[in-house]
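Here the structure is laid out as structure tokens; the discussion comes afterwards.
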Amino acid sequence: MAGEESKPQIPETLTENQAERMLAGLNDIIRAGEEARKLRAEMIKVLAGFGWTQDRIAQLTDMSQPAVSKQMAKHKADDLQPPMGLSVDQHDAPWLEGRLWGLAEEISETFHETACCTRFVNALTRGKKLFTPQNIDELRRLIEEDLRQHRTELPASYRAAYDEISRGLDLPSNVTTTTSASVRRSIARQIQRDLLRGDA
């Protein structure tokens, strides 16, 4: 009987703390999924504004053509935005934040084990970090440390890109755009990465 008394007790229900932790994780996944779907819908609208066909958009987004057609039907023809500028030298905050994100990703991929910004980049990608002023400041500090630690290994273009982005972020801009902040961040992120790789 003594052996039975020593058996661990199996709880009959979750504790509030267990439930809170579990649901917080699920909420992060759900939120990231909803944000990704919203971003994809906005990107379809942008690509349509560039004049891309539904078939081509379907191929690039890995969606069926009817699904793309359904997304586009939500926007009247006169709602389609004119093609947005793709010059890297733009000064609205989302564009600069996207460039900063792209720079951080390149540093993280180059020095994954030792890059200070790797964990932060992963959190941004999974939607666990948002683009708040405080988070942008933290990301800048991490990138500055990476640029200092790896200054002899990184091309000068990385430091030049960071200095340019930082100057823009330090000077408040009154630039407004009709494209959503998430779309502008995503496009600027890719353009910055392509520039650093020499793929632009």
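Every number in this text was worked out from the coordinates using simple rules, so none of it is lab data. All values reported here derive from a predicted model rather than from experimental measurement. With ideal geometry, Cβ positions are generated from the backbone for all residues, glycine too; neighbour counts draw on all protein chains shown.
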Stretchable slack from residue 123 to residue 156, in nm (0.36 nm times residue separation minus alpha-carbon distance): 9.2 nm
Filtered GluC sites (Glu not before Pro), region 125-199: DSSP coil and at most 14 other beta carbons within 10 Å: 153
Simple label model, 7 Å out from Cα along Cβ direction - residue 86 to residue 141, nm: 3.7
Loop sites in region 94-179: trypsin sites (Lys or Arg not before Pro), DSSP, at most 14 other Cβ within 10 Å: 126, 128, 151
Violating pairs (Cα-Cα greater than 21 angstrom) within the set 74/129; 45/129; 70/129; 38/129; 45/128: 74/129; 45/129; 70/129; 45/128
Estimated inter-spin distance, residue 36 and residue 109, nm [label 7 Å along Cα→Cβ]: 1.8
Ordering of 61-70, 185-194 by burial proxy (mean other Cβ atoms within 10 Å per residue, highest first): 185-194, 61-70
